[in-house]
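Asks: A single structure is presented below for examination.
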Amino acid sequence: MKKYILAIAALLTVSTGFAQPAANARNILDKAYSTYENSNGIKMTFNITTTDENGTAYQPQKGTARVKGNKFKIETSTIDTWFDGKTQWVLMKELNEVNVSHPSNEEVASISPLALLSMYKTGFTLDAPASEIINGKNAFVINMSPTGSKSDFKEISVAIEKKNNSVLQVDITLKNGMRNKIDINDYNTNYNFTDTEFIFNKDQHKGVEVVDLR
């Protein structure tokens, strides 16, 4: 229930016949990344639906995310996560415990849906974009597959809204069969967050046990 799922895509020798569709997909993701990168701050709400390797579905969770560049804060009913670009704090509310670590790029991507937008540029095979209706909106859906055999990911699908290049949905399947679908709502790029919002403040969380894993 506490697992976040990761993201990425594959690498194959691309024939001339597939070069143009891949270029179209990359162009769409470039626009989405530019929208994200040029914002001083993004706030969104989201729903996460998780299914384990046995096909058992967990109860969907709602959450709120604040993002600024490579920094983010994500809040759900069970876990709050802060990341300041280097250090990550994960507060597990039921345990009243926060774990401190220096996560890898893949670990960051497993937590932040928007982290995908900086990872597609290398090590991905991109399928041709498909036009679909996602959550009632016109979207381009791009499937990506992992390149290396060591990747934890099997497949990732990203839906980009045609109207404003925002991310509508990320659907991630791991090699072990676990799947996480993240539906993003209320995507707003007009925020101006301070850097302190992405750092865990122990003075605001009295009595929380700090476990340093760095």
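Asks: Answer with one residue from Thr194, Met178, Thr56: the one whose Cα lies farthest towards the positive end of the charge dipole of the chain, charges on Cβ with Lys, Arg +1 and Asp, Glu -1.
Replies: Highest projection toward the positive end goes to Thr194.
Asks: Holding the Cα-Cα limit at 29 Å, pick out from Lys175/Lys206; Lys73/Lys181; Lys73/Lys162; Lys121/Lys181 the pairs that are longer than that.
Replies: In this structure, Lys175/Lys206 lie more than 29 Å apart at Cα.
Asks: If you don't mind, there's one more thing I want to ask. Springs between alpha-carbon pairs under 10 angstrom, Gaussian network model over the chain: which of Val100, Val158, Val167 fluctuates most?
Replies: Fluctuation is largest for Val100.
Asks: While we're on this one: Just to be sure I understand the model, the point goes 7 Å from the Cα along the line to the Cβ. What's the resulting Gln204 to Ser34 distance in nm?
Replies: Each label point lies 7 Å from its Cα, and together they span 3.5 nm.
Asks: Here is a follow-up. Tell me, what is the 1.4 Å probe accessible area of Thr45, in Å² to the nearest 10?
Replies: 40 Å²
Asks: Exposed loop sites here are GluC sites (Glu not before Pro) in DSSP loop states with at most 16 other C-beta atoms within 10 Å. What is the longest stretch of the chain lacking them?
Replies: Here the longest run is 95-214.
Asks: Largest first, what is the accessible-area ranking of Thr49, Thr122 with a 1.4 Å probe?
Replies: Most to least solvent-accessible, the answer reads Thr122, Thr49.
Asks: Now for a separate question. Given labels modelled 7 Å from the Cα in the Cβ direction, how far is it in nm from Thr45 to Glu97?
Replies: With each label point 7 Å from Cα toward Cβ, the separation is 3.2 nm.
Asks: Might you work out the accessible area of Lys121 for me, using a 1.4 Å probe with all protein chains in place, and round it to the nearest 10 Å²?
Replies: 90 Å²
Asks: Let me ask something else. If you count only protein heavy atoms with a 1.4 Å probe, what accessible area per residue comes out for the chain, rounded to a whole Å²?
Replies: Computed with neighbouring chains in place, this is 52 Å² per residue.
Asks: Additional query: Which of rounded, prolate, oblate describes the range 152-214, given a ≥ b ≥ c as roots of the alpha-carbon gyration tensor eigenvalues and a/c under 1.5 marking rounded, otherwise prolate only if a/b is larger than b/c?
Replies: Oblate is the answer for the range 152-214, as a/c is 1.5 or above yet b/c matches or exceeds a/b.
The values are calculated or read from the model by the stated rules, or taken from the named source; none is laboratory data. In this text, all values refer to a predicted model and were calculated from it rather than measured experimentally. Every residue, glycine as well, gets a Cβ built from its backbone with ideal geometry; the counts of neighbours run over all protein chains shown. For accessibility, only protein heavy atoms count, side chains too; no ligands or nucleic acids. Shrake-Rupley method; radii C 1.70, N 1.55, O 1.52, S 1.80 Å.
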